[in-house]
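Any read-out appearing in this document is the output of simple, stated calculations on the displayed coordinates, not a laboratory observation. Fair warning: this is a prediction, and the values are worked out from it, not measured in the lab. Quick reminder, even Gly has a Cβ in these numbers, built from the backbone with ideal geometry, and neighbours come from all protein chains shown.
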Amino acid sequence: MRIFLIIALLVLSSGCISDQPEQEIQIEEETIMEQISISSDAFKVGTSLPVEYTCDGEDRSPALTWDGIPAGTQSIAIIVDDPDAPGKTWVHWVIYNIPANSSGLPAAVPKNKTLDDGSLQGTNDFGRIGYNGPCPPPGKPHRYFFKVYALDTTLSLKSGATKSQLETAMSGHIIAQGEMIGKYGR
């Protein structure tokens, strides 16, 4: 009986002793990013964009204002897209290298590659420079995400960059962000 107990203890304890190094469990810390508040006098969060800011109207950009740009910001970028578009998320506006001291954009931003303040505009999914507004097919209203990013650098992109190119250039440089959502349906 004694031998049985000794063997049982050896078997049980061998599971606790190993020549293999212990595996470390890595816990990723969640990075808490500062939030930028973004608003528009043209529409409120979650409401419909007025027709003048769509392809059914003047197709001009709405005025946007933001607050909460943190110290250390070197430039600001904006992406407007529609994740409800058939087939893919449809990009309506890409604008970057907006001066860090800016607190917004006026309505009807000119559809130029370079703006007077040095901001650069990219190519949207209509294949055009600047803002082109909501133009969904008939049916359920789509959501339009107006996203603002504070960056710790001025991007070396030329004008005409796509959303994908902008996102790649921004990677690792976003120090704060915010968004607001508008809707539009036909």
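Kindly state, to the nearest 0.05, the FRET efficiency for Ile32 paired with Asp56, given R0 = 45 Å and r defined as their beta-carbon distance. Computed FRET efficiency for Ile32 and Asp56: 0.65. The spacing between segment 117-186 and segment 71-87, judged by their C-alpha centroids, is 4 Å.
Taking 0.36 nm per residue of separation and subtracting the current Cα-Cα distance, fully stretching the chain between Lys140 and Ser102 would add 10.2 nm. Amide H contacts of Ser61: Ala108, Val109, each under 5 Å away and 5 or more positions distant or on a separate chain (H built 1.01 Å from N in the peptide plane; Pro and chain starts excluded).
Karplus-derived 3J(HN,Hα) values for segment 49-60, using 6.51 cos²θ - 1.76 cosθ + 1.60 with θ = phi - 60°, are 6, x, 3, 4, 9, 10, 5, 7, x, 7, 6, 10 Hz; glycine and proline are entered as x.
When each of the peptides 51-61, 110-120 is scored by the mean number of other C-beta atoms lying within 10 Å of its residues, the order from highest to lowest reads 51-61, 110-120. With a cut-off of 17 Å on the backbone N, the residues of segment 85-123 near the modelled label site 7 Å out from His173 along Cα-Cβ are 94-102, 114-115, 118-123.
Working note: Debye formula, equal point scatterers on the alpha-carbon atoms of segment 102-178, no solvent; log10 I(q)/I(0) at q = 0.12, 0.17, 0.21, 0.24 Å⁻¹ is -0.40, -0.80, -1.17, -1.42.
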